[in-house]
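For reference, the structure discussed in these notes is given below.
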């Protein structure tokens, strides 16, 4: 870890002052370098701080100690002039004046970036889709950016990490200080993302999770990306903020459609109505990435040069699209569908893809609880269904699988 | 001058024999009660005096000393009014000592000379020993359940004096207490009122059949209380021993008893979530009153809004759940109350109450986690079964078939309990792991299913035994033989309780 220069230490010290907000920090550093700004603030002479709001706070701060603290924590302090500062943020109206980074933020430099975001209380469907998107996008050389939160964010990062060492590294944008892993259960994920890619934050070391920081974090997520994908989000979720921040920056927003009955998809479906483009899988996102990159007149992003994204991913798609009809060739690994007339077939037909309460399945099938339990467990073992507590859902069919049709149940 | 009258007082749910010694002598008129009386006993002198005067009997203007022996035991309650009055009458010569001898008396007096019943008559009549006991006529049925040799009743002091002197006959024992029909009481809610809820009904049946404690998780309006109220109906009636214990507790608590005197159907207690520790386990300063866990003895203790109960109250349930009795220790001593009950609890799945699968309500996973943490793991561990309820569809509510009536389910439950009794336990929930291995051998497919669950970490060793016990109960309900089948284990796995029920999360 390189030593933190005095200028950086001043920037970090300013960012860490009591009562500092991103906007005030931008104002302090607008016309002055960090060192100059620090001296002015400490002397109570900064013209943008006429009330000397920060002077008292700055009195007890030793710049050298601040620099040491960041060095010991392994955290880089980035200002917009740094080469490592994300290029996409430089022209951004809401760009943070100081950005803290763990890992290597330069992974963003030569790759396209896609934000995969969504609600913390995600359904298994949302988590699965987020993980798949994360994995496939990372495999295609796209940096997956997300907020390291519970639910969709975490699933997207976990998916990106699953894609292996050769895939593009992920980038996490945190809302707390980089030494405050939040949520705490994601500490491992947090460290893994920092080790493979980078975790950045505009909050100084030690900053606790605060309500206001999360929307601020979301604007950075939107700012560093070429495309934002919202996987699942409630009617008034924080991801709506990310989508709005992206829209203000003319960054395309993709949305994964969900069940109209699932509250976790209420926000995303509303975004679809508002004109965001639908995302079925990573290919839909890659097309948008390619268009977005071309529009801002950047060279084709993917490390495998030569073929534009759309051309590379499009052609096989027409044949391998998931079977909409019965004519698709069966995939070799698909488990055999339960035979017609068995309890399993009845139960599978009665399951929805969104979590279905076991009670509903019991009513639809009229099976006794014992038979129902046995059929459900067998379907799960065969990979046709997912188990929850009191609720169950059918899996999306693998290529070649055909779901039995739901038949009306008598009585 | 001196009369000694046998009587009894309550300590916990047990009676203690007490001799009431009344001494009347010359001296300044006065009335003293010694022998550790509590306030109610000390006040009895005013009641006794007024009752005797109202009955047209003379009050001696002499010095009266009443001693309650043994003197070391604290005595409470108003049941000593009657023996004191009789003692005064005998000591002043209104009654002949020989007329009084050989009888015990228990009862409270009214100022008008009436004789009133007191709480705990069952235990008091049991405690007086092998002498006939005279009780208030309203408490005859109750006292008759345990009185060992003869029982007489009276409703006023005047009548009592007449009977004792032989001037009038003892009143007929009012209609021999009907041997309480040990069946359900008319007017109990019936299971056929519950529409839909097939899974929850099954869980209810398994809980009643196996004595497995049950946790119902569901949004408001999903029928948690409605279901719980119907459990006493499907439980088998308590055996005579349990019924007597339950009656004794109810009688001590001063609660109304059924007409026959004996509690013939399982009690249902649903204390409010604001209940205090003492209200739940028993105690109190004056008399050690039985708590809700004891009032539910032989029946169902239903805790609605389980998450809202004070933690100390919930933790106090662990010992009675384990041992079937609750010990209340105070500086004055320790009393034990019976407390073997079926615990049924209900709670919302999350703070907003809607719950359901993740993503279907506004509560964040953190909020749900925090809500779930209100139940300690050891307490959650006491629940064998847990069901996640959903609101019933409007179609089911308006049109759906009525479910099976209580009588049909109760019959299956009774059969399962009978099978359990052949294994030497009241219910399968009490089977020890060793007995379980002998009485519930697993079919090969069932064994491999449990093996897989154990190996994947889905089940702990304790959870394994629990599923095994539930599977035994399910098999009993289905009328299966000795062998526990695969489908029974499947059903047990669906019905068993686990922490994740509260989080709505898929086990991952």
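Quick note: the coordinates plus some simple rules give every number you see, no bench work behind them. Source: prediction; values computed, not measured. Cβ placement follows ideal geometry from the backbone for every residue including glycine, while neighbour counts extend to all protein chains displayed.
Of all DSSP bridge pairs formed entirely within the protein assembly as shown, close to 50 percent run antiparallel. Pairs of alpha carbons in region B:1-51 separated by more than 17 Å make up 46% of all such pairs.
Got a sec? How would A:38, A:384, B:170 order by Cβ neighbour count within 10 Å, fewest to most? Numbers along the way, then the final one.
Numbers: A:38 28, A:384 25, B:170 17.
Fewest to most other Cβ atoms nearby, the residues stand as B:170, A:384, A:38.
Whole-percent P(r), region B:285-352, all Cα pairs, 5 Å bins from 0: 4, 16, 24, 22, 17, 9, 5, 2, 1, 0. Starting from the Cα gyration tensor of region A:198-294, take the square roots of the eigenvalues, sort them a ≥ b ≥ c, and report rounded, prolate or oblate (rounded when a/c is under 1.5, otherwise prolate if a/b is larger than b/c, else oblate). It comes out oblate by the Cα gyration axes. Taking only the Cα atoms of region B:431-508, the radius of gyration and Dmax are 12.4, 37 Å. If R0 is 30 Å, the Cβ-Cβ spacing of residue A:260 and residue A:81 corresponds to a FRET efficiency of close to 0.05.
What percent does the relative contact order of region B:345-493 come to when contacts are Cα pairs within less than 8 Å and at least six residues apart?
Numbers: 104 pairs, mean separation 27.9, N = 149.
RCO, region B:345-493: 19 percent.
The alpha carbon gyration tensor of region B:257-303 gives principal lengths a ≥ b ≥ c with a/c of 1.5 or higher and a/b no greater than b/c, which makes the shape oblate.
The distance between label points at residue A:291 and residue B:46 comes to 9.3 nm (points 7 Å beyond Cα on the Cα→Cβ vector).
Under 1.5 on a/c is rounded, so check that first for region B:392-476, then, if it is not, pick prolate when a/b is larger than b/c and oblate when it is not; a ≥ b ≥ c are the square roots of the alpha carbon gyration tensor eigenvalues.
On the way: a/c = 2.97, a/b = 1.44, b/c = 2.06.
Because a/c hits 1.5 or more and a/b fails to exceed b/c, region B:392-476 counts as oblate.
Normalising the Debye intensity of region B:191-289 to I(0), with uniform scatterers on Cα atoms only, and taking log10 at q = 0.17, 0.22, 0.24, 0.25 Å⁻¹ returns -0.96, -1.23, -1.28, -1.31.
When you work out D = kT/(6 pi eta Rh) for region A:193-250 at 37 °C and 0.692 mPa s, using the Kirkwood radius from C-alpha pairs as Rh and the Stokes-Einstein form, the result is 259 µm²/s.
Distance from the Cα centroid of region B:266-317 to that of region A:8-70 is 60 Å (rounded to whole angstrom).
Each label point was placed 7 Å from the Cα along the Cα-to-Cβ direction; for residue B:401 and residue B:323 their separation is 4.8 nm.
Kirkwood radius for region B:30-74, taken over all pairs of different Cα atoms as the inverse mean of 1/r, rounds to 11.4 Å. One Cα centroid belongs to region A:334-365, the other to region B:5-62; the line between them spans 76 Å.
The label point for residue B:308 and the one for residue B:165, both projected 7 Å from the Cα toward the Cβ, are 6.1 nm apart. For region B:191-503, the Kirkwood estimate of the hydrodynamic radius, built from every pair of different alpha carbons, is 20.2 Å.
Against chain B, whose longest principal axis is taken from its Cα atoms, helix B:81-91 shows a tilt of about 20°. Counting, for every residue in B:488-501, the Cβ atoms of other protein chains within 10 Å of its Cβ and taking the mean gives 4. Per-residue shielding of A:149-158, expressed as the average number of other chain Cβ atoms within 10 Å of the residue Cβ, stands at 1. Summarising the strand pairing of chain B, around 50 percent of its internal DSSP beta bridges are antiparallel. With the convex hull constructed from alpha-carbon coordinates only, region A:1-74 shows a mean projected area of 4.6 nm² over all directions. Rg/Rh, computed from the Cα trace of region B:293-410 with Rh as the Kirkwood radius, has the value 1.07. Compute the angle between helix B:406-422 and the longest alpha-carbon principal axis of chain B, please, reported from 0 to 90 degrees and rounded to the nearest 10. Approximately 90 degrees, to the nearest ten.
Over all Cα atoms in region B:5-88, the spread is summed up by Rg and Dmax: 12.5, 40 Å. Semi-axis lengths, largest first, of the ellipsoid equivalent to region A:39-164 are 37, 17, 15 Å, with √(5λ) applied to each eigenvalue of the Cα gyration tensor.
Partner shielding of A:364-371 amounts to 5, given as the average count of beta-carbon atoms from other chains within 10 Å of each residue beta-carbon. In plain terms, the residue of B:361, A:233, A:276, A:10 with the fewest other Cβ atoms within 10 Å comes first and the most crowded comes last, giving A:276, B:361, A:10, A:233. Protection proxy ranking, highest mean first, for peptides A:114-120, B:265-271: A:114-120, B:265-271, where packing is the per-residue count of other beta-carbon atoms within 10 Å, averaged.
Between the alpha-carbon centres of region A:254-280 and region B:398-419 there is a gap of 46 Å. At q = 0.10, 0.11, 0.14 Å⁻¹, what log₁₀ I(q)/I(0) does a Debye calculation on the Cα points of region B:318-472 give, no solvent, two decimals? The Cα Debye sum returns log10 ratios of -0.60, -0.73, -1.10.
On a 0 to 90° scale, report how tilted helix B:461-477 is relative to the longest principal axis of chain B, with both axes built from alpha carbons and the result rounded to the nearest 10. In chain B, helix B:461-477 runs at an angle near 80 degrees to the longest axis. Translational D (Stokes-Einstein, µm²/s) of region B:2-165 at 10 °C and 1.306 mPa s when Rh comes from the Kirkwood sum over C-alpha pairs? Here the translational diffusion coefficient equals 105 µm²/s.
For region A:103-320, the C-alpha radius of gyration divided by 2.2 N^0.38 Å, with N the number of residues, is 0.93. The C-alpha atoms of the protein assembly as shown occupy a region whose extents along the principal axes are 123, 80, 48 Å, arranged from largest to smallest. The mean sequence distance of close C-alpha pairs (under 8 Å, at least 6 residues apart), as a share of the length of chain B, puts its relative contact order at 14 percent.
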